[in-house]
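Take a look at the structure set out below.
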């Protein structure tokens, strides 16, 4: 199957989400799943940087897919599309770094700019 858009991905990902009527449980599972998958990536990088393991790019790509799955679930719970999430993020980054990333702007972020990336 060719998944070419974020919204198509979200629709396909939701086919495999648990159909629970308990929104709080879905929120908890999706949030903890997202944190767990991010932890798997961080643990792999720790082993690469601190223990001398080789970087396994295929493993990282697989884990990135798992992260996307949980992000799609959370977006669904928030009744928002992944394309809307991505668009809002790009708009925030453009406002924060209008001329591209700047370490100085990152260090000296002032009032009116939300915390995050």
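The values are calculated or read from the model by the stated rules, or taken from the named source; none is laboratory data. Not measured: the values here are computed from a predicted model. Note that each Cβ is placed from the backbone with ideal geometry, even for glycine, and that neighbours are counted across all protein chains shown.
Just so you know, in region 40-83 the residues that are in contact with a helix residue (DSSP H, G or I) (Cβ under 6 Å, 6 or more places away or on another chain) and not in a helix (DSSP H, G or I) include one that is farthest from residue 11 (Cα to Cα), and it is 53. Picking from residues in region 96-112 that are surrounded by 13 or more Cβ atoms within 10 Å (Cβ to Cβ) and either within 11 Å of the chain's Cα centre (by Cα) or outside any helix (DSSP H, G or I) (or both), the one that is modelled with the highest pLDDT is 97.
In region 13-34, what count of residues is obtained for those that are assigned to a helix (DSSP H, G or I) and surrounded by 11 or more Cβ atoms within 10 Å (Cβ to Cβ)? Here the count works out to 12.
When residue 93 is tested against (1) in contact with a helix residue (DSSP H, G or I) (Cβ under 9 Å, 6 or more places away or on another chain); (2) modelled with pLDDT under 95, only condition (1) is not met.
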